[in-house]
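Any read-out appearing in this document is the output of simple, stated calculations on the displayed coordinates, not a laboratory observation. These figures come from a predicted structure and were not determined experimentally. Note: ideal-geometry Cβ built from the backbone for every residue, glycine included; neighbour counts use all protein chains shown.
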Amino acid sequence: KNKAAFQWGRRAAHDPAAVARALQPAHTVQWVRAPQESAASLDAFVHERAVFLTGYQNAAYARHYTDFVTQVQRAEAGLGGVAAPSLPLTFAVARYLFKLMAYKDEYEVARLHSAAAFRDKVESMFEGDYQVHYHLAPPLLAKTNDKGELQKQKFGPHMAWAFKLLAPLKVLRGTALDPFGRTEERRLERALLANYQDRLNAYLETLSADNHGDALTFAKLPEQIRGFGHVKARHIAAVRAQWVALGGTL
């Protein structure tokens, strides 16, 4: 990229008119309506996320996801006109159940950073003798500021080896042997997932045209929960009142 920038600078000095012409857009951007959500597109949507969850944890974890989405789909399809053919509740659950199941913990950070795709991307961006450094805030090691918020610190290239060792230990995720599972953030993430499914199961038991809207609103609430650490905690606090009002517990 440095070489390309230098070359463009030479061209600008030699023939600025040619550079100006090169900067002109080659075509006009056209906005295209997204394809309508349907049962057919739902299959591809769910399959893609199931593949990810298999890598994230295992096949059983992914199957739990697909089974739950199928359960919602059957209940919503049975309502007929209120949901057909777009299945909005099913798509919302497929999207946000995945989000809650695939929370990015220490094992997932290690898996993604030790993946061949990540290494290939880095190698495609840099040449020569370079080093990769990581800015992390591990709950068991990181310092906190005056607000009690974890602060990131810089770790050297040796973290790549630590990631390779840590990634396979995802089998410990959520078990009694999980050294990270006792932190407040991890406990809250597990509680969110469990309560999300419990509340949706309660909706499904009496799903009708009357409560379909409330079920859909609740299913979409995880969209408002973003970030990590204290940022995520702040978003959860902001959504708590609406979560509870719709029958959930936080």
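Just checking the listed ones, A75, A17, A62: in the Gaussian network model of the chain with Cα springs under 10 Å, the one fluctuating most is A17.
What the phi angles of segment 175-183 give under the Karplus curve with 6.51, -1.76 and 1.60, with θ = phi - 60°, is a coupling list of 8, 5, 8, 6, x, 9, x, 8, 5 Hz, glycine and proline written as x. Counting charges near A22 (Lys, Arg +1; Asp, Glu -1) among other residues having Cβ under 12 Å from its Cβ returns a value of +1. Could you compute the net charge surrounding V51? Neighbours are other residues with a C-beta less than 13 Å from the C-beta of V51; K and R count +1, D and E count -1. Result for the local shell: 0. Computed over the alpha carbons of segment 103-144, Rg followed by Dmax gives 12.9, 36 Å.
Sites counted here are chymotrypsin sites (Phe, Trp or Tyr not before Pro) in a DSSP loop (not H, G, I, E or B) having no more than 13 other Cβ atoms within 10 Å; the longest part of the chain that contains none of them is 131-250. With viscosity 1.002 mPa s and temperature 20 °C, the Kirkwood radius over alpha carbon pairs of segment 190-241 converts through Stokes-Einstein to a diffusion coefficient of 179 µm²/s.
The residue among A102, L79, H113 whose Cα reaches farthest toward the positive pole of the charge dipole of segment 71-127, with charges on the beta-carbon of Lys, Arg, Asp and Glu, is L79. Over the residues of the chain, the helix contribution to mean residue ellipticity at 222 nm works out to -18500 deg cm²/dmol, using -39500 (n - 2.57) for each DSSP H run of at least 4. Based on the alpha-carbon gyration tensor of segment 155-241 and its eigenvalue square roots a ≥ b ≥ c, which shape applies: rounded if a/c is under 1.5, prolate if not and a/b is larger than b/c, or oblate? Prolate, since a/c reaches 1.5 and a/b exceeds b/c.
Ranking T206, L221, A160 by how far each Cα lies toward the positive end of the dipole of segment 141-250 (charges on Cβ) leaves A160 at the top. Here the mean projected area of the convex hull built on the C-alpha positions of segment 46-108 is 4.0 nm².
Binning the alpha carbon pair distances of the chain at 5 angstrom intervals from zero yields the distribution 1, 5, 10, 12, 13, 13, 11, 10, 9, 7, 5, 3, 1, 0, 0, expressed in whole percent.
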